[in-house]
Structure formats: structure tokens, C-alpha cells
Amino acid sequence: MAHVTVLTPNPAIDITYGVAENLVGETNRVSNLEKRPGGKGLNVARILHQLGTPSISVFPAGGESGLWLRRAVEQLHCTSKFVVIDNETRSTVTVTSRNAHPTVYAEPGPVLQRQEWFGLGRLLVEQLKDSSMLVIAGSLPPRANVNLIGGWIASARAAGVSVLVDTSGAGTIIAARAGVTVLKLNVQELLEATGLGNAAAAIRSLHRLGAQVVVVSVGENGILASDGHAIVTVPAVAGVSGNPTGAGDAATAGLVTALLGGHSLEIALEWASACGAAAVLEPVAGEISVAKFHEFLSQYERERRAR
């Protein structure tokens with residue numbers, strides 16, 4: 001059965017501390033603690049699993065933290081393939097409180113050696129043989145050559161597999177030049193990557209470089225997509241508040257599932273927005289309220305019919 005291959009170049013152990021109030025410079029008593037596999041790609045894979053979309057996660061893992069990560073992914077019943085590396089897998093710490101936006105502390109991650117990158121690339125090519133789509137999500141670890149992203153896209157295209165990339169900075173430009181099928185980012189990442197001050201101009205520049213579809217999250221203003229000919233917009237789900245950490249990864253999973261299901265770009269954006277909103281309601285990244293997801297999708301459908 002065809003699956004989505006999800007590449008996480010820089011996975012992490014996600015630690016979430018819940019506190020009554022996040023006080024800088026003072027001792028904060030933790031009321032609840034969550035420890036889960038993380039990194040954008042692993043978050044995407046976990047939500048694909050919740051949506052019933054088969055996926056295989058590909059990632060590097062090293063040291064005792066990498067061993068913990070591998071076991072934790074297995075316990076979540078998410079299929080994975082990994083390359084063992086010498087250096088320790090990183091951690092990220094998110095501090096949440098009732099009355100403030102979450103604070104995230106993200107370690108840079110381990111340096112991979114040349115042969116470790118080679119092993120990861122070879123593993124990826126093996127998974128592409130029976131893949132419906134490749135998702136490349138998240139940052140690269142320190143000292144990684146950003147051109148790796150172009151190589152991964154080329155491998156997927158050679159295998160006849162479409163590619164969605166969700167990264168930032170120079171990786172965005174590399175992905176566009178490699179002819180990525182879908183380039184997903186938020187409006188701040190869009191402007192920073194292109195160096196332009198206007199979102200419409202920035203999107204056009206990515207199309208000129210080679211990106212086929214550009215999907216941009218604009219926060220409270222919803223989400224939009226451009227195929228180079230027209231721009232489709234979908235408003236955000238109203239009245240949703242909570243922990244936004246990982247909402248973008250949930251949106252990616254919703255977008256991928258809808259596109260693979262043959263839905264139009266507009267409906268795919270609705271799936272992305274509904275998934276992102278359903279993730280905000282959960283206390284940790286990598287989870288959605290499936291019931292709320294379907295409720296939000298129904299809202300979009302009713303609004304579409306009422307036009």
C-alpha cells in the first residue's frame with residue numbers, strides 16, 4: 001500500500017512544561033509534564049496516523065536520547081526507518097501557562113557526518129519506491145548543507161513522487177529551485193526567505209524559481225494557496241484558542257491527506273485550517289482533537305454551500 005514518506009532531518013524530544021504563570025528570573029513550579037517525539041516531520045507523521053493516512057517516518061537518531069526517541073515513535077504505532085548517528089538527538093522545551101503565549105527553547109541539534117547523511121539519503125530513496133508523497137519538514141541540523149534539500153527533491157521526482165516542503169530560510173529557495181510540488185510556509189518565513197516586503201510579490205518570485213504550489217499561513221487571517229494562476233484563500237476557524245505549538249504541522253498533515261484524496265486546492269486548505277485549529281485545542285504538539293477537526297470541516301462545508 002502506498003504511503004507518505006515523512007523526512008525529519010532534525011528530530012527532537014519535545015518536552016512540555018505546564019506552569020500556572022511563566023515568571024522570568026524566578027522558580028516556576030511545573031504542574032504537568034509531557035515528553036514526546038518531536039520535530040516538525042514527526043509531528044506531521046503522528047497526525048497523519050490520526051487521520052488514517054499511512055506514513056513512514058525517516059530520520060537520524062543518536063545517543064541515549066535517540067534511542068528513547070526511536071522507542072517512543074514505535075510505541076505511538078508510527079512506522080519509522082532511522083539512521084543511527086554518533087551525536088545526541090536534541091531536545092526542545094516548551095513552557096505553557098494559562099495567560100501567556102507558549103515559550104519554546106529549541107536546541108540546534110547534532111552535527112551529522114558525511115557518511116551519516118549518505119545513509120539517510122539512501123534510506124529515503126528506498127522508501128520512495130512505494131510512496132504517494134514525500135514530506136520534508138523542519139530545520140536542518142548545524143553545519144548541514146542546505147543543498148541536501150534539493151537532492152532529496154530530485155530523488156523524489158526521479159521516482160515520480162510529489163514533494164511538499166515545510167522549512168524556512170535558504171531551504172525555501174533551494175526547494176523552489178528544485179521544482180517542489182508544494183511549498184508550505186507562514187507569511188513571516190515567506191518574506192524573510194525572499195527578502196521582499198510584499199507577500200504577493202514574494203509568492204510570484206517562488207513560482208518563477210520553480211515552486212508549483214505555494215501555501216502560506218497568515219495567522220488569524222487564515223491560509224492561502226497559489227498555483228501560479230490564481231490565489232485561493234480560506235479564513236481561519238473562529239473562536240479557537242489554546243496552545244498553537246505544532247498547529248502548522250497539523251495543517252501540513254491535513255493538507256497532505258486532502259490532496260492525496262483528490263480534493264480541490266480550496267478544500268485542501270479547509271482541511272489544513274481545520275487540522276491546525278484542532279491541534280490548538282490539544283496541550284502538546286503532534287496531536288489533534290479528531291472530533292473537533294470534523295466539526296470544523298463541517299463548518300467550512302456549510303459556509304461553502306451558503307455562498
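With respect to (1) under 17 Å from LEU164 (Cβ atoms); (2) at pLDDT below 95; (3) not charged (D, E, K, R), the lone exception for ALA306 is condition (1). Take the conditions (1) more than 20 Å from the chain's Cα centre (by Cα); (2) buried (at least 18 other Cβ atoms within 10 Å of the Cβ); VAL216 misses just one of them, which is (1). Summed over the range 69-107, the residues that are surrounded by fewer than 21 Cβ atoms within 10 Å (Cβ to Cβ) and more than 27 Å from VAL125 (Cβ to Cβ) give a count of 16.
In the condition set (1) touching a residue at least 60 places away in the same chain (Cβ under 8 Å); (2) under 21 Å from ASN10 (Cα atoms); (3) crowded, with 17+ Cβ neighbours inside 10 Å; (4) within 19 Å of the chain's Cα centre (by Cα), SER132 is compliant with all but (2).
Can we say ALA250 is within 19 Å of HIS101 (Cα to Cα), open to solvent by less than 10 Å² (accessible area, probe 1.4 Å) and at pLDDT 95 or above? Spelling it out, ALA250 is indeed within 19 Å of HIS101 (Cα to Cα), open to solvent by less than 10 Å² (accessible area, probe 1.4 Å) and at pLDDT 95 or above. When restricted to residues that are more than 26 Å from the chain's Cα centre (by Cα), aliphatic (A, V, I, L, M) and not in a strand (DSSP E or B), the range 1-43 contains 3. Filtering the range 38-68 to residues that are within 15 Å of GLU282 (Cβ to Cβ), out of contact with any Phe, Trp or Tyr (no Cβ under 9 Å at 6 or more places or on another chain) and not aliphatic (A, V, I, L, M) leaves GLY38, ASN43, ARG46, HIS49. Taking the range 137-183 as the range and being closer than 20 Å to GLN113 by Cα, of a type in the set (A, V, I, L, M) and open to solvent by less than 10 Å² (accessible area, probe 1.4 Å) as the test, only ILE149 passes.
Of note, LEU260 satisfies the criterion of being touching a strand residue (DSSP E or B) at 6+ places or on another chain (Cβ under 6 Å) and either crowded, with 23+ Cβ neighbours inside 10 Å or farther than 23 Å from GLU189 by Cα (or both). Only residues that are out of contact with any His (no Cβ under 6 Å at 6 or more places or on another chain) and within 20 Å of ASP249 (Cβ to Cβ) were counted in the range 19-64, giving 25. Filter the range 263-291 for residues that are surrounded by fewer than 24 Cβ atoms within 10 Å (Cβ to Cβ) and among the charged types (D, E, K, R); which is farthest from SER162 (Cα to Cα)? Only one residue tops the list, namely GLU282. Taking every residue in the range 148-177 that is farther than 23 Å from ALA250 by Cβ and pairing it with any residue that is open to solvent by 10 Å² or more (accessible area, probe 1.4 Å) and of a type in the set (D, E, K, R), at least 6 positions away or on another chain, the pairs with Cβ-Cβ distances below 7 Å are GLY150/ARG177; ALA159/LYS129. Go through the range 56-68 and give me each residue that's out of contact with any Lys or Arg (no Cβ under 9 Å at 6 or more places or on another chain) and open to solvent by 30 Å² or more (accessible area, probe 1.4 Å). The answer is GLY63, GLU64, LEU67. Scanning the range 219-248 for residues that are over 11 Å from SER273 (Cβ atoms) and β-branched (Val, Ile, Thr) yields ILE231, VAL232, THR245. The set of residues from the range 252-287 being of a type in the set (Val, Ile, Thr) and within 14 Å of the chain's Cα centre (by Cα) comprises THR252, VAL256, THR257.
The values are calculated or read from the model by the stated rules, or taken from the named source; none is laboratory data. Worth saying up front: this structure is predicted, and the values here are computed from it rather than measured. We place every Cβ from the backbone using ideal geometry, glycine too, and count neighbours over all the protein chains shown. Note: accessible area is taken over every heavy atom of the protein model, side chains too, but ligands, DNA and RNA are not part of it. Shrake-Rupley method; radii C 1.70, N 1.55, O 1.52, S 1.80 Å.
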